[in-house]
Amino acid sequence: MFTVHLNKRAQKDLLDLPKNDARRIRTTLNELAQETEPWLLVKKLQGHEEVPLYSCRVGHYRIILTIDHGHLIIFVITIEHRRSAYRNI
């Protein structure tokens, strides 16, 4: 079982979302944390080989995250609308 940590930006992003979307994202993150191999349920992003980044799709939003296999931590970097999620990473 993994632990989910949100950085300050991701926390702010989550608070700024509509309540229904925020609830769906929290549910998805909790489901990822319950998985034994959560990296199989997310898309690995290209160009980030030293610290692999993953994208999780929830409706019109994308959760950009990393997964630490050794410490069983899912670290959420940002939560953004799909049109702008990949511009700043």
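In region 1-29, what residues are of a type in the set (S, T, N, Q) and surrounded by 11 or more Cβ atoms within 10 Å (Cβ to Cβ)?
Matches in region 1-29: THR3, ASN7, GLN11, THR27, THR28.
Give all pairs with beta carbons closer than 7 Å in which a residue from region 1-23 that is within 23 Å of HIS69 (Cα to Cα) meets a residue that is open to solvent by 40 Å² or more (accessible area, probe 1.4 Å) and assigned to a helix (DSSP H, G or I); count only pairs at least 6 apart in sequence or on separate chains.
MET1/GLN34
Given the conditions (1) open to solvent by 30 Å² or more (accessible area, probe 1.4 Å); (2) in a loop (DSSP other than H, G, I, E, B), which single one is not true for ALA85?
Every listed condition holds for ALA85 apart from (1).
Mind listing whichever residues of region 30-51 are free of Cβ contacts under 8 Å to residues at least 40 places away in the same chain and either of a type in the set (A, V, I, L, M) or open to solvent by less than 40 Å² (accessible area, probe 1.4 Å) (or both)?
Once the filter is applied, which keeps residues that are free of Cβ contacts under 8 Å to residues at least 40 places away in the same chain and either of a type in the set (A, V, I, L, M) or open to solvent by less than 40 Å² (accessible area, probe 1.4 Å) (or both), region 30-51 yields PRO38, LEU40, LEU41, VAL42, VAL51.
The values are calculated or read from the model by the stated rules, or taken from the named source; none is laboratory data. On a predicted model such as this, the values are computed, not experimentally measured, just so you know. Counting neighbours? That spans all protein chains shown, and the Cβs are built from the backbone with ideal geometry, glycine included. In case anyone asks, the SASA skips ligands and DNA or RNA and just uses the protein heavy atoms, side chains included. Shrake-Rupley method; radii C 1.70, N 1.55, O 1.52, S 1.80 Å.
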